[in-house]
Amino acid sequence: MNSNQTVEEANSPLTAAGGIPDVINIVYSQTRVSAVKESTLKANRLISAHQPGKWLESYRMLRTRCLQTMDPLNWNTLAITSTSHGTGNSLTAANLAISIAMELNRTALLVDANIKNPTIHKLFGLHVEAGLSDYLLHNTELDSILINPGIERLVILPAGKQPMLNSTEMLHAPKMLRLVSELKNRYPDRIIIFDLPPILDQDDALGFAPLVDCVLLVIDEGQTNINDLKETALLLKEQHMLGTVFNKSTDNKIRYDH
């Protein structure tokens, strides 16, 4: 598929005997399709470009563990954050979203809510003209800023072209609350993942966390210190913690603890 194609968008589930959607096929009319090169995906360690192995299986396991907790509670919004910069929470968010989209009866929306230092569009090598910040500040139509990166059942809402200085206020403003509610209720099969900035670097993540169903914390096994971890746990004590991801672990795969 060529970059920047726009095609019809519709959920087309093939339904199993029990009435549960078996396969969801989606084509896009309003969402821009900008197919990412496999070489870009591979260079940026996104699992859709890699052969099966321990690393890919780690993200599949993370996906399974997350969904096993979320599904019985009817949760479909998940925020991913970390203690500090450089722990890999954006990469974790991207790969978890891809892994969920690989399930034939799921769709995934990946939202870059790190609007001071956006990363998601860089991981996918996407050219971004507008994004979440433009929706919040300039009333840009949501459908015009969504992007399918050529990966089936995955849509990305980028942060926007310009960093937002008052990001903390905008991320828990009424308009953001309405957006989260709209995204949450638009498609029942969709899991929405919000990539947030590190919680100890700025207060955006702490202000936004109450808007979502649950939070996943990413830790760099070789970098995160115990004091930072304790402080983060204290800050997030009122939130539904889905678990902790140990990134860059010594066994060369990610680990997950509930």
Total residues in the range 154-195, condition modelled with pLDDT under 95 and touching a Lys or Arg at 6+ places or on another chain (Cβ under 7 Å): 4
Extreme residue, nearest to residue 38 (Cα to Cα), among residues of the range 123-154 that are surrounded by fewer than 24 Cβ atoms within 10 Å (Cβ to Cβ) and in contact with a His (Cβ under 9 Å, 6 or more places away or on another chain): 127
Any idea which of (1) part of a loop (DSSP other than H, G, I, E, B); (2) at pLDDT 90 or above is the one residue 64 doesn't satisfy? (1)
Using the structure shown, decide if residue 81 is surrounded by fewer than 19 Cβ atoms within 10 Å (Cβ to Cβ) and polar (S, T, N, Q). no
Please note which helices (runs of 4 or more DSSP H) are completely contained in the range 83-165 and include at least 1 residues that are out of contact with any helix residue (DSSP H, G or I) (no Cβ under 7 Å at 6 or more places or on another chain), under 29 Å from residue 64 (Cα atoms) and basic (Lys, Arg). 120-123
Filter result for residue 119 (of a type in the set (S, T, N, Q) and within 19 Å of residue 210 (Cβ to Cβ)): no
Taking the condition of being in a loop (DSSP other than H, G, I, E, B) and either closer than 13 Å to residue 91 by Cβ or under 17 Å from the mean Cα position of the chain (by Cα) (or both), how many residues in the range 37-49 meet it? 3
Yes/no for residue 114 being of a type outside the set (Gly, Ala, Ser) and in contact with a Phe, Trp or Tyr (Cβ under 6 Å, 6 or more places away or on another chain): no
Out of curiosity, is residue 159 in contact (Cβ under 8 Å) with a residue 40 or more places away in the chain and touching a Ser or Thr at 6+ places or on another chain (Cβ under 7 Å)? yes
Could you tell me whether residue 197 is of a type outside the set (Val, Ile, Thr), under 13 Å from the mean Cα position of the chain (by Cα) and part of a loop (DSSP other than H, G, I, E, B)? yes
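The values are calculated or read from the model by the stated rules, or taken from the named source; none is laboratory data. Computed from a predicted model, the values in this text were never measured in an experiment. Methodologically, a virtual Cβ is constructed for each residue, glycine included, from the backbone with ideal geometry; neighbour enumeration extends over all protein chains shown.
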